[in-house]
Amino acid sequence: MIKTYASRTWTYLKSLHLTIILLALLMCLVVLCTLAQVEMGTQGAVNAYMRSFIVWKQTGLFPFPIPVFPGGALVGLLLTINLTGRTLELKRTWGKAGMWLVHAGLVILFAGEFVAGMMQVDTNMSIEVGQTVNYVQSYKNMELAVIDVTDPTWDEVYSIPDTLLAKGGSIPVPGTPITINVKRYFANAELSNLPPGAPPSMATAGVGTGVSVVEKPVVSADNDMNQTSAFVEPVAGGHSYGTWLVSVALGAPQSFTYEGHTYVLAMRLRRQYLPYAFTLKQFRHDVYPGTDIPKNFSSLVQVVNPSRNESREVLIYMNQPLRYEGKTFYQASFGKNDTLSVLSVVENPGWLLPYVSCVLVSLGLLVHFAIVLRRSLKRRQ
């Protein structure tokens, strides 16, 4: 009974009928994802529709989101199983060598998308002319940085991700005697000066004592950024240092001192520090003569990597990224009257798989065409 059910299931999973259904679902997902980009932004829509197993939707009928459509990850997984099953049905002969290569290339293509969806990390590096930067930062995700600035030549940075701050409670900061008590967390908020006669702020120290905080809905559009904020209480040695307001909307540094060490509290975009540094030597923004149409963006950077004893200049420009230490640096944007260059940084362990897939599919089609042509010529003879 179980064997018969499993056999029927496998037969359907590798059927052409399922292939057509999955391709239709994939086309619907592409349309839905494209429409959702207006409200959710590109990355938000891709994550919700193409890189999830189930598409969830919040409706007025239930207080929680409900599943409304199969996600791209589920459709892609079933397509991979379907394609693998159909490939195994091919005869193991030289006459089918081309089709074997084509099917293998398509399977690798789906596998590459799974790797990208699960493991790809997108960040950016903003760097001004003459500035040296040794970190990349997230587009959306935030962190509370606790920075020991006691040594004037070196900062010790400890960070707490926003996902942990959202849970609240007490958070020990590893490597320090400090514990952060999260009093209240805002994924997005609007800050303004505290009006006369208003209730006092929750903050008892720092610039937050004179700031009013109003919670706002979370935004996800590409050009919008959440003003993540929180009221936190640093505790060290059993002593409280007051309640502080930390927010990405606050530019003023806030610090306290414990046993001769000065700690700065800052809410900022999440950073990943690198074992090497980039110095922007020159940025060029060329346009076509007589127009404002961009012709070329390019950044001349000096890469300094002490672990490799390396120091060299590299030109990064449109369609010519720099691949270095597992990351790919693309020329993405600019600002500050052409003195600021923004590099899009992508870390994708499976970046080579689509190229391998294209080579296999192309080679498979050529082999299949050659085999069919040879048969046709033999028939004519």
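Which FRET efficiency value, to the nearest 0.05, is calculated for Leu90 and Thr9 with the Förster distance at 22 angstrom and r the Cβ-Cβ distance? Walk me through the intermediate numbers first.
Working: r = 21 Å, r/R0 = 0.95.
The calculated FRET efficiency here is 0.60.
Name the residue farthest towards the positive end of the dipole of the chain from the options Gly260, Ile293, Thr163, assuming +1 on Cβ of Lys and Arg, -1 on Cβ of Asp and Glu, about the Cα centre. Result: Ile293, furthest along the dipole toward the positive end.
Normalise the Debye intensity by I(0) for segment 17-139, one equal point scatterer per Cα, no solvent, then take log10 at q = 0.10, 0.13 Å⁻¹ and round to two decimals. The calculated log intensity ratios at q = 0.10, 0.13 Å⁻¹ are -0.48, -0.70. Would you please name the GluC sites (Glu not before Pro) within segment 35-125 that are DSSP coil residues with at most 10 other C-beta atoms within 10 Å of their C-beta? Hits after loop and neighbour filter: Glu89. Shape class of segment 1-50 from the alpha-carbon gyration tensor: prolate, with a/c at 1.5 or above and a/b greater than b/c. Computed about the Cα centre, the dipole magnitude for the chain is approximately 2820 debye when only Lys and Arg (+1) and Asp and Glu (-1) carry charge, each at its Cβ.
The GluC sites (Glu not before Pro) found in segment 290-381 include none that occupy coil by DSSP while having at most 10 further C-beta atoms within 10 Å. Cross-link reach is defined here as a Cα-Cα straight distance under 25 Å, omitting same-chain residues fewer than 8 places apart; for Lys14 the lysines meeting it are Lys3, Lys91, Lys96.
Counting only Cβ charges, +1 for Lys and Arg and -1 for Asp and Glu, the dipole size of segment 226-381 around its Cα centre is about 1380 debye. Net charge dipole, segment 291-337: roughly 60 debye, given to the nearest 20, about the Cα centre with Cβ charges of +1 for Lys and Arg and -1 for Asp and Glu. Against the chain, whose longest principal axis comes from its Cα atoms, helix 72-88 is set at around 30 degrees. Shape annotation for segment 63-102: C-alpha extents along the principal axes are 59, 14, 8 Å, from largest to smallest.
Solvent exposure of segment 265-380 amounts to 62 Å² per residue of accessible area, where only protein heavy atoms count and the probe is 1.4 Å.
Scanning the chain for trypsin sites (Lys or Arg not before Pro) lying in DSSP loops with no more than 12 further Cβ atoms inside 10 Å, the longest uninterrupted stretch between such sites is 168-335.
Divide, for the chain, the radius of gyration over alpha carbons by 2.2 N^0.38 Å, where N is the residue count. Don't skip to the end; give the middle numbers.
Details: Rg = 27.4 Å, N = 381, 2.2 N^0.38 = 21.0 Å.
Working it through for the chain, the quotient is 1.30.
Here segment 150-287 exposes an accessible surface that is 52 percent carbon and sulfur, computed with a 1.4 Å probe and the other protein chains kept in place.
Which longest run of the chain has no exposed loop site in it, a site being chymotrypsin sites (Phe, Trp or Tyr not before Pro) in a DSSP loop with at most 13 other beta carbons within 10 Å, and the site itself not part of the run? Let's see the in-between values first.
On the way: sites that count: Phe53, Trp154.
Longest gap between qualifying sites, sites excluded: 155-381.
Entry comment: accessible area of segment 101-215 is 51 Å² per residue, from protein heavy atoms only and a probe of 1.4 Å. You can think of it this way: the chain between Ser333 and Val68 has 91.7 nm of extra reach, that is 0.36 nm per residue less the Cα-Cα gap.
The lysines whose alpha-carbon is closer than 25 Å to the alpha-carbon of Lys57, local same-chain residues fewer than 8 away aside, are Lys140, Lys167, Lys216. Nonpolar atom fraction for segment 55-108, defined as the carbon and sulfur part of the 1.4 Å probe accessible area, stands at 74 percent.
With every protein chain left in place, what is the accessible area per residue of segment 30-96 in square angstrom, probe 1.4 Å? Display every interim value, and only then the final one.
Working: 4190 Å² over 67 residues.
That works out to 63 Å² for each residue.
Excluding same-chain neighbours fewer than eight residues apart, the lysines reachable from Lys336 by a Cα-Cα span under 19 Å are Lys281, Lys295.
The values are calculated or read from the model by the stated rules, or taken from the named source; none is laboratory data. It should be emphasised that the depicted structure is a prediction, and the values quoted were computed from it without experimental measurement. We place every Cβ from the backbone using ideal geometry, glycine too, and count neighbours over all the protein chains shown. Just the protein is used for accessible areas: all its heavy atoms, side chains included, with ligands, DNA and RNA removed. Shrake-Rupley method; radii C 1.70, N 1.55, O 1.52, S 1.80 Å.
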